[in-house]
Protein chains: 2
Amino acid sequence: MKNIVAGVDIGGTNTVIGLVTQQGDCIKEVSLPTQEDNDFLSFISRVASHIKSLVASVSNEYTLIGVGVGAPNGSYYTGEIVDAANLRWKGSLPLTKELSKLLNVNTTLTNDANAAAIGEMQFGDAKGMKNFVFITLGTGLGSGIVVDGKLVLGESGFAGELGHTSVKPWGRQCGCGKQGCLETYVSAPGLRRTAFKILADSIEPSALRGYAYDTLSAKKIAGFAQQGDRVALEAFEYTGAILGMKLADLVAILNPEAIFLFGGLSSAGSTLFEPTKRHLEKNLFPIFKNSVKLMPSGLKDKNAAVLGAAALIWQNV
Amino acid sequence: MKNIVAGVDIGGTNTVIGLVTQQGDCIKEVSLPTQEDNDFLSFISRVASHIKSLVASVSNEYTLIGVGVGAPNGSYYTGEIVDAANLRWKGSLPLTKELSKLLNVNTTLTNDANAAAIGEMQFGDAKGMKNFVFITLGTGLGSGIVVDGKLVLGESGFAGELGHTSVKPWGRQCGCGKQGCLETYVSAPGLRRTAFKILADSIEPSALRGYAYDTLSAKKIAGFAQQGDRVALEAFEYTGAILGMKLADLVAILNPEAIFLFGGLSSAGSTLFEPTKRHLEKNLFPIFKNSVKLMPSGLKDKNAAVLGAAALIWQNV
C-alpha cells in the first residue's frame, strides 16, 4: 500500500478535491459547487464524503494519510477560516477540527495562495529556491511568501495579503471594505475596471466598446490586446505599471530570488509580463536592479491549488 | 576573563564603536567622524585601532570574541558594503574581510536597521517576539524585519529597504535616484519637506515661517507642534498618514505582532505615534484590525545601533 494525500482547494465558486501522490501527481479529482449548503458543517460533511468516495476508488493501492486544505482567510495556526469575503458562512469556521473528526486523519489548513506557494516549492519551478513570492491573479490577488525556505505565516497565520495593500488612498472600492486595494487594479475584475475607465476617458476606437460590463471578461480583453486593440493594450500597460510598482516594493522589503505569477490573468503571457517586468525594473531600488526573476508558475493551472494544498501534508512527511 | 564584543555602527556622519557585554551593557564607547579618509582601507584601519585601544583599556577583565558591524547597504552574506548612498567610497567594500584581518576575530556585517532589529530582540522590548518590524526614522528610513524569530535577509542579504518603497509614482526626488520613495516623506528631512510644502500651500500663520530650509530641523518642527503650531501639527498629520498607510501594507504582507519606531523622528512621541496609529488602523485589512502593536523602541537611542551590531555576534554565542 502506498500513501496518498487529499488536496482541497476551497474557492468562492467551486471546491476542488484531488488525490495527490508524493511525486505531485493528481490521480483523482472532483469539483463541487462551494456555496450550496446553508450551514458550514453540511458543506464540510459533503467535502468529507467526496474525499471518502475518491479514496474508496483507489483503496486497493493507496491509504489516505492526511488532508491539506487551501481556503481564503484560512489560518494555519487555528485551522479556522475567518470571515472570508467570498464565502457565505461568516465568523470563525473550525475547518480542520470538523474535517479531522469526519475523516480521522491529520488535516492542515492555510490561505489558498500560501498553499499554492508551497506547491510551487514542492512540485514546481521553485524547487530549491529559498526566497520567493507566489502571486495568484484571479478574481482577487493572493500571495504566498517564502523566506529562507519557509512559508511566512505571520503572528496569526494570515500573512501574504498583498492584494489588500494600498495603491491609492481614495482609489477603487474593494470588496474588503477598503478603497484602493491592489486587487481592485490587478486581478481579472481589476483589468475590466481599468478597461472601462480607459473607454470612458479616451476616444480611441476599440472592439471593447461593443461589450457590456457584465459580459467583458479579462480573457476577452487579453484576446483583443493580442490582436493589437489599443484600449486593451493600454489596460494591460496600466495593470503592469501598478503591479510592477507594487512588486518593486515587495522586492525592497523581501529581496526575493523570484516572483511567480499564476492564475487566469497570468495566462495572458507576455501581454501582462512585459509591461509588469518593465515597470518592476523601473521602480527597483538600484541595488536590486536585474536581480529578480519574474516567472510564470511551473504548475499546470488546473491542479496548482490542489497540489499546493496536498503539499501542506507532503512537506512534513 | 569574560568575553566582550565590539559593536560598530557606521553612519554617514559618525562611526560609533562600543564594547558590549552579553547582557547588553555598553561598557566603553567612542565616536569618530566616518568620512575623513580618502580610501576605505584607511578608514577600516582607523576603526580597527580604535577597537584595539578600547579593548586594551579593559584587557585585565575582558577578551574580545568578535566584531558586529551595522552599515548602510551592508550584506550579511558577503560582508561587503555595496554602493551606500551616504558613504564616500563606492563599489563593493570588503568590510568583514579587512577588519578580521586586522583584528583576528570573527566579524559580521549587516544593514544598520537590521542590526538594530536584532538588538531590540536580544536586549530590548522584542525579547520573545517571533514576528516584528523595526523601523529607524532618521536621515532616512531603514527597517529590519523579523519573521519566525529570524531576521529576514533575502536572497542577497539586502532585505528591509522599506524606505525605498513607493508612495507616489511621480513624487519627491529621492537620494537613491528614484522618485516618491517613502523616506522622502517619512524621515527627518521628509518632515521638513512636508512642512515647507504646507507653508507654500496654506496661509496659516506659523512660527515655521521664520525659518530657512537649511536651519529648520525635525526637532524644531516637533517642538512647535507640541506648542500647538497648526502647520507643524499638519506636517506630523501628513507624515503619520503616509507612514500609517505603508505600515498597513507591511502588516498585510507580514502579519507581525509589533512594529517598533526608533530614531530622531520617533522621539516626537505621541505627536508622531498618534496620527500614525490612527492611519495604520484605518488602512488595515479587516482581519488585522487592532492586532498590531505600534511601539517605541525599548533601547536607549544612544546605544541601540551599537548594541544591535554587537547582538549580531552575541546571538550566535
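The values are calculated or read from the model by the stated rules, or taken from the named source; none is laboratory data. What you see is a predicted model, and the numbers here were worked out from it, not measured in a lab. Cβ sites come from the backbone with ideal geometry, for glycine too, and all protein chains shown count toward neighbours.
Quick one: what pairs do we get from segment A:162-185, first residue at pLDDT below 90, second in a loop (DSSP other than H, G, I, E, B) and basic (Lys, Arg), C-beta under 7 Å, 6+ apart or different chains?
Between residues of segment A:162-185 that are at pLDDT below 90 and residues that are in a loop (DSSP other than H, G, I, E, B) and basic (Lys, Arg), there is no close pair.
So how many residues does segment A:282-317 have that are without any contact (Cβ under 8 Å) to a residue 24 or more places away in the chain and assigned to a helix (DSSP H, G or I)?
Number satisfying all stated conditions: 2.
Residue-by-condition table, conditions (1) more than 14 Å from every other protein chain (Cβ to nearest Cβ); (2) surrounded by fewer than 23 Cβ atoms within 10 Å (Cβ to Cβ); (3) within 26 Å of B:Gln226 (Cβ to Cβ):
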site: B:Asn290; (1), (2), (3): no, yes, no
site: B:Lys293; (1), (2), (3): no, yes, yes
site: B:Pro296; (1), (2), (3): yes, yes, yes
site: B:Ala304; (1), (2), (3): yes, no, yes
site: B:Gly308; (1), (2), (3): yes, no, no
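Scan (1) over 30 Å from B:Gly79 (Cα atoms); (2) at pLDDT below 95; (3) surrounded by 15 or more Cβ atoms within 10 Å (Cβ to Cβ) for the single condition B:Pro286 breaks and write down its number.
Looking at each condition in turn, B:Pro286 falls short on (3).
Look at A:Ile242 and say whether it is aliphatic (A, V, I, L, M) and assigned to a strand (DSSP E or B). Outline the logic, then answer.
Working: aliphatic (A, V, I, L, M): yes; assigned to a strand (DSSP E or B): no.
No; evaluated as a whole, the condition is false for this residue.
Considering only residues that are more than 8 Å from chain A (Cβ to nearest Cβ) and touching a strand residue (DSSP E or B) at 6+ places or on another chain (Cβ under 7 Å), look in segment B:144-162 and name the one that is surrounded by the most Cβ atoms within 10 Å (Cβ to Cβ). Walk me through it before giving the result.
First pass over segment B:144-162, keeping only residues more than 8 Å from chain A (Cβ to nearest Cβ): B:144, B:146, B:149, B:151.
Subset that is touching a strand residue (DSSP E or B) at 6+ places or on another chain (Cβ under 7 Å): B:144, B:146, B:151.
Working: B:Gly144: 31, B:Val146: 25, B:Leu151: 24.
The residue in question is B:Gly144.
Restricting segment B:163-175 to residues that are facing chain A (nearest Cβ under 7 Å) and within 18 Å of the chain's Cα centre (by Cα), which is surrounded by the most Cβ atoms within 10 Å (Cβ to Cβ)? Please lay out each step first, then the result.
From segment B:163-175, those facing chain A (nearest Cβ under 7 Å) are B:164-166, B:169; that's our starting set.
From what is left, the residues that are within 18 Å of the chain's Cα centre (by Cα) are B:164-165.
Numbers: B:His164: 29, B:Thr165: 27.
Checking each candidate, the answer is B:His164.
Let's see how each residue does on (1) out of contact with any His (no Cβ under 9 Å at 6 or more places or on another chain); (2) assigned to a strand (DSSP E or B); (3) at pLDDT below 95:
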{"residue": "A:Gly7", "(1), (2), (3)": "yes, yes, no"}
{"residue": "A:Gly12", "(1), (2), (3)": "yes, no, yes"}
{"residue": "A:Leu19", "(1), (2), (3)": "yes, yes, no"}
{"residue": "A:Gln23", "(1), (2), (3)": "yes, no, yes"}
{"residue": "A:Gln35", "(1), (2), (3)": "yes, no, yes"}
{"residue": "A:Asn38", "(1), (2), (3)": "yes, no, yes"}
{"residue": "A:Phe43", "(1), (2), (3)": "yes, no, no"}
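Given the conditions (1) surrounded by fewer than 22 Cβ atoms within 10 Å (Cβ to Cβ); (2) in contact with a Pro (Cβ under 8 Å, 6 or more places away or on another chain); (3) on the phi < 0 side of the Ramachandran plot, report the number of the one that B:Phe260 does not fulfil.
(1) is the only condition that B:Phe260 fails.
Could you figure out which of (1) of a type in the set (Asp, Glu); (2) surrounded by 16 or more Cβ atoms within 10 Å (Cβ to Cβ); (3) farther than 20 Å from B:Leu102 by Cα isn't true of B:Asp9?
Failed condition: (3).
State whether the residues of segment A:180-198 include one that is in contact with an Asp or Glu (Cβ under 8 Å, 6 or more places away or on another chain) and within 14 Å of chain B (Cβ to nearest Cβ). So that I can check it myself, show each step before the final result.
So in segment A:180-198, the residues in contact with an Asp or Glu (Cβ under 8 Å, 6 or more places away or on another chain) come out as A:190, A:198.
Restricting the remaining residues to those that are within 14 Å of chain B (Cβ to nearest Cβ) gives none.
Checking segment A:180-198: not a single residue is in contact with an Asp or Glu (Cβ under 8 Å, 6 or more places away or on another chain) and within 14 Å of chain B (Cβ to nearest Cβ).
Scanning for something outside the structural domain of A:Asn114 (by TED's automatic domain parsing) and out of contact with any strand residue (DSSP E or B) (no Cβ under 7 Å at 6 or more places or on another chain), does segment A:261-268 turn up at least one residue?
Looking for residues that are outside the structural domain of A:Asn114 (by TED's automatic domain parsing) and out of contact with any strand residue (DSSP E or B) (no Cβ under 7 Å at 6 or more places or on another chain), one finds at least one in segment A:261-268, hence yes.
How do the pairs read when you match residues in segment A:35-46 that are without any contact (Cβ under 8 Å) to a residue 40 or more places away in the chain with residues anywhere that are basic (Lys, Arg), using Cβ under 8 Å and keeping only pairs 6 or more apart or on different chains?
A:Glu36/A:Arg46; A:Asp37/A:Arg46
Does at least one position in segment B:166-187 carry a residue that is in a helix (DSSP H, G or I) and aliphatic (A, V, I, L, M)?
The initial filter retains those residues of segment B:166-187 that are in a helix (DSSP H, G or I), namely B:182-184.
Subsequent filtering for residues that are aliphatic (A, V, I, L, M) retains B:182.
So far as segment B:166-187 goes, yes, one or more of its residues are in a helix (DSSP H, G or I) and aliphatic (A, V, I, L, M).
Cβ contacts < 6 Å: first residue over 17 Å from B:Ile10 (Cα atoms), restricted to segment B:48-75; second residue assigned to a loop (DSSP other than H, G, I, E, B), any location; separation 6+ or different chain. Result?
Once the first residue is over 17 Å from B:Ile10 (Cα atoms) and sits in segment B:48-75, its partners that are assigned to a loop (DSSP other than H, G, I, E, B) give B:Thr63/B:Met1; B:Leu64/B:Val105.
Is there a residue in segment B:268-281 that is out of contact with any Phe, Trp or Tyr (no Cβ under 6 Å at 6 or more places or on another chain), within 12 Å of chain A (Cβ to nearest Cβ), part of a helix (DSSP H, G or I) and surrounded by 24 or more Cβ atoms within 10 Å (Cβ to Cβ)?
Scanning segment B:268-281, I find at least one residue that is out of contact with any Phe, Trp or Tyr (no Cβ under 6 Å at 6 or more places or on another chain), within 12 Å of chain A (Cβ to nearest Cβ), part of a helix (DSSP H, G or I) and surrounded by 24 or more Cβ atoms within 10 Å (Cβ to Cβ), so the answer is yes.
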